[in-house]
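Can you read through this structure? Questions will come right after.
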Amino acid sequence: MQVDNFKIFSDLVETKSFSKAARLNGVTQSAVSQQARAMEKHFNTLLIDRSQKQFQLTREGTRVYHSSKEILHVYEKLLSELMEMKKVISGTIRISTIYSIGLHELPPFIKSFLSDYPSVNVRVEYRRSNLVYDDILHNSVDFGLVAFPVKTRQIEIIPFREDRLVAICHPDHPLAKHTNVDVDALRTSKFISFDPDIPTRKAVDQIFRDNKIEIEPVMEFDNIETVKRAVEIDAGIAIAPQATVAQEVRQGTLASITLNGTGFNRPLAILHRKGRVLTPAMKKFIKTLTGNEIVAT
């Protein structure tokens, strides 16, 4: 048995998909199926219950899966320790991030990190928030970046930074004359929002509920860039993360208004799977983002 066999089998179990396991390992779906059968032949026992419509392990398959995870953990820990002994900072870091963080918060950190560690590659994928969590759980990426992080048993949450939610409008909108307003001042304006399943939308909805304001969005979008474009053509106002509109405010295409009161902070966080062995490059990346050293793996 090779380490790759255990890796592919573990990915297959966790994704419950031959095609997803194939993509994670850069092989064909047929190769994943062949690997699974090879493991069954090696251990002389059925690992996957093929009588079920949905992917399901046999009792023996479950045991092999848990042992595979232990073997992979020891192997990854050994590789990480050897790299640390050689003081090698290299490899590839895979990141899954929501659009607002990836486009507006992350770039200066990546630029600084790559300047300090040019032998490391950083790959960034832009995803909806729920898919970032899936990517972490399925080991598709090393780190996830989200807003309003949700505690999950298998995911470690590391605070990144805090942004603030502000009201934005067209420069000719009546609200643009103010530097700050109460939330109630938004009551009579047409409102543009994110899709209902996006965490920032949920936070905005809670703000309106807390202030006993009923808002029915005239438009809903799945990312901040589209929301901004709609506000720029004066289709309505919106509540958005302050960092994401800084450039448009400087250019004069949007006006930003501070909202009075509390509850407008937007926490951002780094996610990684609990128990994941962090390579020296991953530890340095977290330090670049947070300023803090990561000691434990």
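The values are calculated or read from the model by the stated rules, or taken from the named source; none is laboratory data. Values in this document were obtained by computation on a predicted structure and should not be read as measured data. Positions of Cβ are backbone-derived with ideal geometry, glycine not excepted, and every protein chain shown enters the neighbour counts.
Could you say whether any residue in region 159-168 is touching a residue at least 60 places away in the same chain (Cβ under 8 Å), in a helix (DSSP H, G or I) and more than 17 Å from the chain's Cα centre (by Cα)? Steps first, please.
So in region 159-168, the residues touching a residue at least 60 places away in the same chain (Cβ under 8 Å) come out as 159-168.
Now drop any that are not in a helix (DSSP H, G or I), which leaves none.
No; the residues of region 159-168 include none that is touching a residue at least 60 places away in the same chain (Cβ under 8 Å), in a helix (DSSP H, G or I) and more than 17 Å from the chain's Cα centre (by Cα).
Can you pull out every residue in region 21-64 that is part of a helix (DSSP H, G or I), buried (at least 18 other Cβ atoms within 10 Å of the Cβ) and touching a residue at least 24 places away in the same chain (Cβ under 8 Å)?
Within region 21-64, LEU24, VAL32, GLN35, ALA36, MET39, GLY61, VAL64 meet the criteria.
Next question. SER96 - would you say it is in a helix (DSSP H, G or I), under 30 Å from ALA246 (Cβ atoms), assigned by TED's automatic domain parsing to the domain that holds ASP142 and touching a strand residue (DSSP E or B) at 6+ places or on another chain (Cβ under 9 Å)?
No, not satisfied.
Tell me, which residue of region 105-137 that is assigned to a loop (DSSP other than H, G, I, E, B) and of a type outside the set (S, T, N, Q) is surrounded by the fewest Cβ atoms within 10 Å (Cβ to Cβ)?
Here is the first cut: in region 105-137, the ones assigned to a loop (DSSP other than H, G, I, E, B) are 105-106, 117-119, 127-128.
If we keep only those that are of a type outside the set (S, T, N, Q) too, we end up with 105-106, 117-118, 127-128.
Working: GLU105: 21, LEU106: 20, TYR117: 19, PRO118: 10, ARG127: 22, ARG128: 17.
Here the answer is PRO118.
When you scan region 13-23, do you find a residue that is under 13 Å from LEU72 (Cβ atoms) and out of contact with any Pro (no Cβ under 9 Å at 6 or more places or on another chain), even just one?
Yes, region 13-23 has at least one match.
Can you pull out every residue in region 81-93 that is crowded, with 16+ Cβ neighbours inside 10 Å and assigned to a strand (DSSP E or B)? Full working, then the answer.
Step one: list which residues in region 81-93 are crowded, with 16+ Cβ neighbours inside 10 Å, which gives 83, 89, 91, 93.
Once the filter is applied, which keeps residues that are crowded, with 16+ Cβ neighbours inside 10 Å and assigned to a strand (DSSP E or B), region 81-93 yields GLY91, ILE93.
Need pairs with beta-carbon distance below 7 Å; first residue closer than 13 Å to LYS274 by Cβ and of a type in the set (S, T, N, Q) and within region 129-144, second modelled with pLDDT under 95 and not in a helix (DSSP H, G or I); sequence gap 6+ or separate chains.
What qualifies is ASN139/ARG273.
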